[in-house]
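Here's the structure we're looking at; comments come further down.
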Amino acid sequence: MVNHMETTTAAKPSLVFAVNGQRFDVSQVDPCTTLLEFLRSQTPFKSVKLSCGEGGCGACSVLLSKYDPVLDQVEDFTVNSCLTLLCSINRCSITTAEGVGNSKDGFHPIQERFPGFHASQCGFCTPGMCVSLFSALVNADKKTNRPEPRPGFSKLTVSEAEKAIAGNLCRCTGYRPIADACKSFAADVDMEDLGFNSFWRKGETDEVKLSRLPPNKSTNAACAFPEFLKKETLACANLASEGCHWYSPVSIEQLQSLLQMDDNNGGTSMKIVVGNTGMGYYKELEHYDKYIDLRNIPELSIIRKDLTGIEIGAAVTISKAIEALKEGNEGKINLLFNKIADHMEKIASQSIRNSASLGGNLVMAQRRHFPSDIATILLCVDTLVEVMTGQRHEKLRLEEFLGRPPLDTKSILLSIKIPSWESSRNVPSGTTDTFLAQVSHCKNPAGRMLRDCRLAFGAYGIKHSIRVREVEEFLYGKVLSIGVLYEAIKLLESLIKPEDGTSSPAYRSSLALIQFDNEYKPVGEPVTKIGAVLQASGEAIYVDDIPSPKNCLHGAFIYSTEPLARVKGIKLNPGSSSSDGVVALISSKDIPGLNLGSKTIFGTEPLYADDLTKGVGQRIAFVVADTQKQADTAANLAVIDYDKDNLEPPILSIEEAVERSSFYTVPPFLYPEQVGDFSKGMAEADHKILSAEA
C-alpha cells in the first residue's frame with residue numbers, strides 16, 4: 001500500500017521515504033523488491049531505466065539523501081536503483097532526473113547544457129548521467145575550504161567533473177561531448193578545451209562564451225531534504241509480507257538472536273545484506289524468507305584510527321573506507337593508506353562504492369570465490385579480520401580467512417584491521433596484483449636491498465587472492481638487479497597456475513608477469529537536437545515507460561544453451577519457487593498456424609525452434625507469468641532436455657558449405673553489376689593465381 005499523505009507514521013511498521021519531495025508510506029512490500037522496480041511500477045518517475053541490471057551502466061542512477069539528526073547534516077550520494085532494495089531506504093530521500101529539473105518546474109542547467117554540447121542521442125542513459133553530475137555538484141557545493149567560483153561555474157574541478165560520470169555508460173554518443181557538458185561547470189576549466197556546441201562560435205571570447213551558457217544555479221532547492229522526514233524518529237523498520245521478513249537489528253545481540261532463530265526454524269533461507277551490490281554479480285534466483293540488514297549495528301560501522309593502523313567495520317561502505325584511509329595522512333607512516341585508497345577508487349563505479357560494504361566484498365571472496373580486487377590489495381599488508389560465530393569471536397590474518405572453508409550463514413565478519421607500515425613503499429601494478437616492499441640503500445654492492453616484501457595476486461583463475469611466499473623469500477635480502485628480477489619472474493611463472501576450466505589460462509598467467517555562408521543556413525551550424533532536454537530530464541517516454549494495462553501478464557523467452565540439438569522437453573526447475581506466478585509455457589507446439597518469427601528477402605526464421613535448435617540463444621519457448629520478475633526467474637531456471645544423438649554434423653567452414661550445397665538464395669536485385677570481363681582480364685594478367693584457399 002502506498003500512501004502519499006503527509007501524516008505521522010502509522011503504528012504499524014512501514015517504510016517512510018520521499019521521492020522528489022513526495023512522501024511515500026509503504027507497509028506491505030516483498031523484501032526482494034528493488035528501488036527501481038518500485039519507482040517504475042508505483043510512481044510516475046520513469047527516468048530510471050532498467051538496462052544491465054548489474055550496477056554497471058548507471059542508467060538507473062538516483063541521488064539518495066540521508067539525514068543525521070545528531071550532526072544535523074544531510075549526506076548525498078548516488079546509488080544504483082536496480083540493486084538498492086526498497087526496504088533499505090527507510091527515512092531517506094530519493095531524487096531522480098525529474099526531481100533535478102523538468103518541463104513544468106524548469107530545467108536544471110545540467111539538462112540544458114547536455115543538449116547544447118550534443119551529449120544526447122538516443123537519450124536512454126542521459127537521465128542517469130544528469131543525476132550523477134548533479135550529485136557531484138551537490139557535494140562540491142558543501143566544500144567550505146574551496147573559494148567561491150566565478151558566476152556560471154561551480155566548486156567542481158575538471159577532474160571531479162570527469163569522474164562524476166565514470167559509472168555511466170553511453171552506447172551511442174561517445175564521451176567527448178558528455179565530458180564537455182560536465183566540465184563546463186568546473187571552476188578550473190579552460191573554455192578553449194570545450195568542444196563543438198550550440199552555445200557559441202569558434203573564436204569568441206571567454207566572456208561571450210560564458211554569457212551564452214545556461215547559468216549555473218544552486219543545487220539546494222532541487223535536493224532539499226524534506227522536513228517531514230527529519231521528524232521521523234524510527235531508525236529502522238522490521239517488516240513482514242506474505243511470509244517474508246526484513247529485519248534491521250541495532251546491536252550484535254539482536255543479530256545473534258536472529259541467527260539463532262534461523263537455526264531453530266530449520267534453516268529457512270536467509271540473506272544478510274548491506275548494499276546488496278553482490279546481486280549484480282550473482283543473480284538472485286532464490287527467493288529468501290528472511291533478510292537481515294546489518295547497517296544499523298554500531299559495532300559493524302566503526303572507523304578507528306591510531307598509530308597501530310586503522311580498523312574499519314564490515315558494514316562500512318567502500319566510499320567511506322576510502323575517505324577514512326585518506327583522512328589526515330601526513331608523513332611516511334600512513335603513506336600506505338593513501339596508496340590503498342587510490343587502488344580502491346579504481347574498483348567498480350562511484351555508485352557501487354557508495355553502497356557496497358568492505359566486509360561484504362571480502363565475504364563474497366571467501367564464500368563464493370568472488371575475484372575481489374580489495375582482497376588482493378589488503379592481502380599484502382598483513383590485514384587482520386574479526387569473525388563472529390555464535391558467541392565466539394576470532395581474529396585472523398586475511399590470508400588465513402580466505403583459505404578457510406566457506407563461512408556458514410551463522411558466521412559474521414565484524415571488522416577489518418589494516419596495520420600501519422612505517423617507511424614502506426607500495427609498488428602497485430594494477431588491481432589484479434599488489435606489491436609492497438621495504439627497501440634500504442646499500443653501498444656494497446651499490447643499490448637497493450629488499451628488507452621485506454609482500455606479493456599478492458588475484459583474478460588469475462584461482463579460487464581467491466594469494467600470497468606467493470616462495471618469491472617473497474627468494475627476494476628477501478637481495479639487492480635489486482635485472483638478474484634477480486628475471487629469476488623471480490621465472491619462479492613466479494611456475495607458481496601461478498590457473499585452475500582447470502579457466503578461460504585463457506596462458507593469458508591470465510602472462511598478466512602476472514569548414515565555415516558555410518548564411519546562404520546555406522542551417523547547414524554546417526550547430527543545432528540542438530529537438531527533444532534532447534526532455535531526455536536529460538527523464539521525461540522522454542520509451543516503450544518500456546508506457547504503463548502496463550490492468551491485469552496484464554508478463555513474459556520472458558527461454559533460449560537454447562546448445563548450438564545443435566533436439567529439444568525433447570522443457571520443465572520449470574522442480575523443487576524451487578521458480579514456478580510461482582507462472583501462468584503458461586508456450587512453445588512451437590502451441591502455435592495453431594505457421595511457426596513464423598520473421599520473413600526477410602533472405603528467407604524465413606521460426607518464432608521458436610521446432611524439434612531442432614540450430615544455435616545458442618535461439619528462442620525455444622516463452623514463459624508467461626503474473627510479474628516480469630517471476631517470468632524472468634522461471635525462464636532462467638528452466639530445465640531443457642536435449643538429445644544430440646544421430647545428428648548431421650554442423651557446417652563449420654565455407655568448404656563444407658560448398659561441398660554440401662548449403663547456400664543462401666540472394667535476390668537478383670542484389671547481384672553486383674558486371675563490370676568488364678573478369679575471365680579475360682585474369683587470362684591476360686602478368687601474374688597468375690595458381691591456388692587459393694578460403
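The values are calculated or read from the model by the stated rules, or taken from the named source; none is laboratory data. All values derive from a computational prediction rather than experimental measurement. With ideal geometry, Cβ positions are generated from the backbone for all residues, glycine too; neighbour counts draw on all protein chains shown. Note: areas computed on protein heavy atoms with side chains; ligands, DNA, RNA excluded. Shrake-Rupley method; radii C 1.70, N 1.55, O 1.52, S 1.80 Å.
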Checklist outcome for this item: The number of residues in region 447-486 that are within 22 Å of Arg508 (Cβ to Cβ) and of a type in the set (D, E, K, R) is 6
Checklist entry - Quick check, is Leu398 modelled with pLDDT of 90 or more and surrounded by fewer than 22 Cβ atoms within 10 Å (Cβ to Cβ)? => result no
Next on the checklist: For region 103-120, which positions are over 20 Å from Gly152 (Cα atoms) and in contact with an Asp or Glu (Cβ under 7 Å, 6 or more places away or on another chain)?
Outcome noted: Ser103
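Yes/no per residue for (1) of a type in the set (Val, Ile, Thr); (2) open to solvent by 90 Å² or more (accessible area, probe 1.4 Å); (3) part of a strand (DSSP E or B); (4) over 19 Å from Leu564 (Cβ atoms):
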site	(1), (2), (3), (4)
Leu594	no, yes, no, yes
Val616	yes, yes, no, no
Ala621	no, no, yes, no
Val624	yes, no, yes, yes
Checklist entry - Taking into account only those residues within region 196-216 that are in contact with a Pro (Cβ under 8 Å, 6 or more places away or on another chain) and surrounded by fewer than 13 Cβ atoms within 10 Å (Cβ to Cβ), which is nearest to Thr173 (Cα to Cα)? => result Phe196
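The rows are residues; the columns are (1) in a loop (DSSP other than H, G, I, E, B); (2) at pLDDT 95 or above; (3) within 14 Å of Leu63 (Cβ to Cβ).
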{"residue": "Ser120", "(1), (2), (3)": "yes, no, no"}
{"residue": "Met129", "(1), (2), (3)": "no, yes, yes"}
{"residue": "Ser135", "(1), (2), (3)": "no, yes, yes"}
{"residue": "Glu148", "(1), (2), (3)": "yes, no, no"}
{"residue": "Pro151", "(1), (2), (3)": "yes, no, no"}
{"residue": "Leu156", "(1), (2), (3)": "yes, yes, no"}
{"residue": "Ala166", "(1), (2), (3)": "yes, no, no"}
{"residue": "Arg171", "(1), (2), (3)": "yes, no, no"}
{"residue": "Ala181", "(1), (2), (3)": "no, yes, no"}
Checklist outcome for this item: Apart from one, (1) of a type outside the set (Phe, Trp, Tyr); (2) farther than 21 Å from Ser154 by Cα; (3) modelled with pLDDT of 95 or more; (4) open to solvent by less than 20 Å² (accessible area, probe 1.4 Å) all hold for Val29; the odd one out is (3)
Next on the checklist: Residues that are under 24 Å from Glu98 (Cα atoms) and part of a helix (DSSP H, G or I): does region 186-205 have at least one?
Outcome noted: no
Item to check | Failed condition for Ala348, given (1) within 30 Å of Met129 (Cβ to Cβ); (2) open to solvent by less than 30 Å² (accessible area, probe 1.4 Å) | outcome: (2)
Next on the checklist: I'm trying to understand the selection: among the residues of region 41-64, which are surrounded by 21 or more Cβ atoms within 10 Å (Cβ to Cβ) and not small (Gly, Ala, Ser)?
Outcome noted: Phe45, Lys46, Val48, Lys49, Cys57, Cys60, Val62, Leu63, Leu64
Next on the checklist: So, Ala609, is that one closer than 22 Å to Ser548 by Cβ and either among the polar types (S, T, N, Q) or in the same structural domain as Asp641 (by the TED database) (or both) or not?
Outcome noted: no
Item to check | Counted residues, region 436-462 - those being buried (at least 17 other Cβ atoms within 10 Å of the Cβ) and in a strand (DSSP E or B) | outcome: 9
Checklist entry - Among the residues of region 535-574, which ones are open to solvent by less than 70 Å² (accessible area, probe 1.4 Å), among the hydrophobic types (A, V, I, L, M, F, W, C) and in a helix (DSSP H, G or I)? => result Ala536
Checklist entry - Filter region 412-435 for residues that are part of a strand (DSSP E or B) and modelled with pLDDT under 70; which is surrounded by the fewest Cβ atoms within 10 Å (Cβ to Cβ)? => result Val427
